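Asks: First the structure, then my questions, so here it is.
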Amino acid sequence: MTDATANDSGEPVGRLRSLLNASPAVVYCARPHVGFERTFVSDNVERLIGFTAKEVLDRPGFWAERIHADDRRGCLAALAEAIERGHAVCEYRIRQRNGRYVWIRDEALLSRDGHGLPLEMTGSLIDISRENTPSCICEPAKPGTGRLSRIRPIWCVVSFRTGR
């Protein structure tokens, strides 16, 4: 767990660190007004993309730069909508250290301060690559025709649920 406020003063911190690292979901926090820069990311991000939490946090623009070019605009638009709506869900491809892309589902909630102003985005990232393999994206219309009957588009959904 990479966070400047973490300390080693007790078992609960160690237990939380173990839970986060064992989880299939990467947990993160981001600034809602500064390009959604990550301010915290759980250490298990390394399993997902091959970069350490420190590498993700130390370089401004790191996350947005790694989103596949075809997915970037829709994903960033969905996250921007979260500032208005309080919640966003996005599926996109992100480039791993080895150059390959992995499909992830990014779900984020917006926290607000006492005056209702955006404070922080808290989210989770889950690998959904198995759900988005080419066999799931394209289906043949008729055997042997080579035509597609359906192409599932890349999508982003913004939920209008707010916790207020």
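The numbers here are math on the coordinates, done by the rules we state, and not lab data. From a predicted model like this one, the values you see are computed outputs, not experimental measurements. With ideal geometry, Cβ positions are generated from the backbone for all residues, glycine too; neighbour counts draw on all protein chains shown.
Asks: Run the simple label-point estimate for F62 and I126 please: 7 Å along Cα→C-beta, distance reported in nm.
Replies: 2.4
Asks: For the residue pair H33 and A77, what label-to-label distance in nm results when each label sits 7 Å from Cα along the Cα-to-beta-carbon direction?
Replies: 2.5
Asks: Using the Karplus curve 6.51 cos²θ - 1.76 cosθ + 1.60 with θ = phi - 60°, what ³J(HN,Hα) values do you get for each residue of region 63-74, in whole Hz, with x for Gly and Pro?
Replies: In residue order, the calculated couplings are 5, 4, 5, 8, 5, 3, 3, 6, 9, 4, 4, x Hz.
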